[in-house]
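What follows is calculated from the coordinates using simple rules that are stated; it is not laboratory data. The structure presented is a predicted model; accordingly, all values stated were derived computationally and were not measured. Here the Cβ is made from the backbone with ideal geometry for all residues, glycine too, and neighbour counts use every protein chain on show.
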Amino acid sequence: MDEAKSKFETIDQYMATFPADIQAILEKIRNVIQEAAPEATEKIGYQMPTFVLCGNLVHFAAFKNHIGLYPAPSGIHAFKEQLAKYKGAKGSIRFPLDKPIPYELISEIVKYRAAENIEKANSKLKKKK
């Protein structure tokens, strides 16, 4: 990583580096994630806002022309049809800034990922007993 770049310690620090209109979108996404997975905690991971619940739950980040959401490949696969109109990759999706951000879909993806992470954690606990 370029040493000249900031190393963020909090999501607030990350968001403060963007213009007000982008900050508002990022704050709304943060709130949607908090409502969908209230037991998740915040951190910075890979220099992006990250929510953790029994492991990484979801990352998100702002770019010049889009908001990136990183719900792991399983989160993309489970919502393949709803995400078909967006560009993305195996574990990421791009929501263009010139179109409405699908907050309800983000909420559904986060709820799915939360259930998935909790199920994996419970399975590991059962195996240890």
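For the pairs Lys43/Lys127; Lys28/Lys111; Lys64/Lys99, flag any whose C-alpha to C-alpha distance is greater than 19 Å.
Long pairs (Cα-Cα over 19 Å): Lys43/Lys127.
Please enumerate, by chain and number, the aspartates and glutamates with C-alpha under 16 Å from the C-alpha of Lys80, excluding those fewer than 8 residues away in the same chain.
Within the straight-line cut-off, Lys80 pairs with Glu104, Glu108.
Please tell me the relative contact order of the chain in percent, rounded to the nearest whole number, where contacts are Cα pairs under 8 Å and at least six residues apart.
Contact order relative to length: 21 percent.
For the chain, give the magnitude of the charge dipole about the Cα centre (Cβ charges: +1 Lys/Arg, -1 Asp/Glu; no others), in debye to the nearest 20.
It works out to roughly 740 debye.
Tell me which aspartates and glutamates have Cα within less than 15 Å of Lys90's Cα, excluding those fewer than 8 residues away on the same chain?
Glu81
Could you pull out the trypsin sites (Lys or Arg not before Pro) across the stretch 1-75 that fall in loop regions by DSSP (anything but H, G, I, E, B) with no more than 11 other Cβ atoms inside 10 Å?
Answer in residue order: Lys5, Lys7, Lys64.
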